[in-house]
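These notes are about the structure you will find just below.
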Amino acid sequence: MQDTIKAYFNESIQIQVAASDTLTASIQHATDLMVSSLLEGRRVFSCGDGKSSFIAEHFTDLLLQGSQLERPPFPAITLNGNSTHISKDACLARQLSALGSAGDLLIAFVSEQQSERVHQAMEAALSREMTIIAIIGDDAQEITSLLGPADIEVRIPTTSALRIVEQQLFLSQLLCDLIEQRIFHGG
């Protein structure tokens, strides 16, 4: 059993190292985009599929409550799939259609190969002239096919849903910390 435990740690560490080698530029670009959007008074919407939906909620909470600093809340909204009147697949898209505006951001956390809910939300974001930051795994071609030149792809170097979610949690914290540093400390 100890070998299994060590193997889990080693796999996680290897993905973390690979991500630090490959994602630095896209994380910096995502941070720059979020900082400029927030300073312009834009809103940040987040959503996720399956296992990643709680990451979207956590990220919104960090933006609202603060991560390392006591500060005013940032305008952040988690899209949720709780609706009794419309299909689960259309629920996120309907919320964006009602609330999203040109220049707002959609942060999409995707851990599965295909996610109709997030796919429809991204289409709604594009129709509202929003910018998308997709935090995905290696096998999310359906999601990346929707991204345009102004959108950002943060592709975690694994296809394991468990490891993708693990890295999404880390990245949500990192992004919030970087945003706070840039806005409140000029770093």
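The values are calculated or read from the model by the stated rules, or taken from the named source; none is laboratory data. None of the values given here were measured: they were computed from a predicted structure. Here the Cβ is made from the backbone with ideal geometry for all residues, glycine too, and neighbour counts use every protein chain on show.
A few points about this structure:
- Inter-residue pairs, beta-carbon under 8 Å, first within 19 Å of S101 (Cβ to Cβ) and in the stretch 64-79, second assigned to a loop (DSSP other than H, G, I, E, B) and modelled with pLDDT under 95, 6+ apart: P73/G66
- Scope the stretch 123-141; condition crowded, with 17+ Cβ neighbours inside 10 Å and either more than 16 Å from S101 (Cα to Cα) or among the acidic types (D, E) (or both); matching residues: A134, I135, I136, G137, D139, A140
- Counted residues, the stretch 147-178 - those being out of contact with any strand residue (DSSP E or B) (no Cβ under 7 Å at 6 or more places or on another chain) and either farther than 29 Å from F9 by Cβ or not aliphatic (A, V, I, L, M) (or both): 14
- The stretch 1-58, subset β-branched (V, I, T) and touching a residue at least 12 places away in the same chain (Cβ under 8 Å), residue nearest to I183 (Cα to Cα): V35
- Residue within the stretch 101-110 that is at pLDDT 95 or above, crowded, with 18+ Cβ neighbours inside 10 Å, in contact with a helix residue (DSSP H, G or I) (Cβ under 8 Å, 6 or more places away or on another chain) and acidic (D, E) present: yes
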